[in-house]
Amino acid sequence: MEMSEMIQLQIDLLTEFKELKAEVRELRKDINRKELEHKTKELDPYEPQESLKRKLNIGQGLLNEWVAKGLEKQYWSDRNIRYDKEELRAFLKKEYAI
C-alpha cells in the first residue's frame with residue numbers, strides 16, 4: 001500500500017469517526033429528552049423546588065436557566081417555591097421537544 005493510500009485511508013477513518021461521534025451525541029440527547037419526559041410524569045401537581053431538582057436530577061443553575069426562559073415559579077411562602085407540573089411539561093415540550 002502506498003503512502004498516499006494509507007493517508008487517504010486514515011482520512012476516511014477519521015471522517016467516519018467524526019460522523020459516528022455526532023450520531024452518538026444526538027442519540028444521547030434523545031435519551032436525555034426521553035428520560036426527562038418520563039421523570040416529569042412522576043411529579044406531583046405542584047412540585048416543591050428541591051424535590052423537583054432531585055427528581056429530575058438537575059441543578060439550581062439549569063432550573064434558573066429555565067426560569068429565565070419563561071418557566072414560572074410559584075411562591076407559596078418565603079421558603080416554599082413550587083412548579084406546576086403541567087406548565088413544566090409544556091415548557092419542556094416547547095424548549096426541548098420532549
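So ARG28 clears everything in (1) within 16 Å of PHE91 (Cα to Cα); (2) exposed (fewer than 11 other Cβ atoms within 10 Å of the Cβ) except one condition, right? Which one? If we test ARG28 against (1) within 16 Å of PHE91 (Cα to Cα); (2) exposed (fewer than 11 other Cβ atoms within 10 Å of the Cβ), just (1) comes out false.
Condition check ((1) at pLDDT below 95; (2) on the phi < 0 side of the Ramachandran plot; (3) surrounded by 11 or more Cβ atoms within 10 Å (Cβ to Cβ)) across all residues:
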site: GLU42; (1), (2), (3): yes, yes, no
site: PRO45; (1), (2), (3): no, yes, no
site: LEU52; (1), (2), (3): no, yes, yes
site: LEU63; (1), (2), (3): no, yes, yes
site: LYS69; (1), (2), (3): no, yes, no
site: ARG79; (1), (2), (3): yes, yes, no
site: GLU87; (1), (2), (3): no, yes, yes
site: LYS94; (1), (2), (3): yes, yes, yes
site: ALA97; (1), (2), (3): yes, no, no
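Remark: pairs (first residue in segment 78-96, acidic (Asp, Glu); second residue in a helix (DSSP H, G or I) and open to solvent by less than 30 Å² (accessible area, probe 1.4 Å); Cβ separation under 9 Å; 6+ apart in sequence or on different chains) = GLU95/TRP66. For LYS34, state whether it is surrounded by 10 or more Cβ atoms within 10 Å (Cβ to Cβ), free of Cβ contacts under 8 Å to residues at least 60 places away in the same chain, part of a helix (DSSP H, G or I) and not hydroxyl-bearing (Ser, Thr, Tyr). No: the conditions fail for LYS34. Of the set (1) open to solvent by 80 Å² or more (accessible area, probe 1.4 Å); (2) touching a Leu at 6+ places or on another chain (Cβ under 7 Å), all apply to TYR75 but (2).
The values are calculated or read from the model by the stated rules, or taken from the named source; none is laboratory data. Model, not experiment: these values are computed from the prediction. Cβ atoms come from the backbone with ideal geometry, glycine included; neighbour counts cover every protein chain shown. Areas reflect the complete protein model, heavy atoms only, side chains present, ligands, DNA and RNA absent. Shrake-Rupley method; radii C 1.70, N 1.55, O 1.52, S 1.80 Å.
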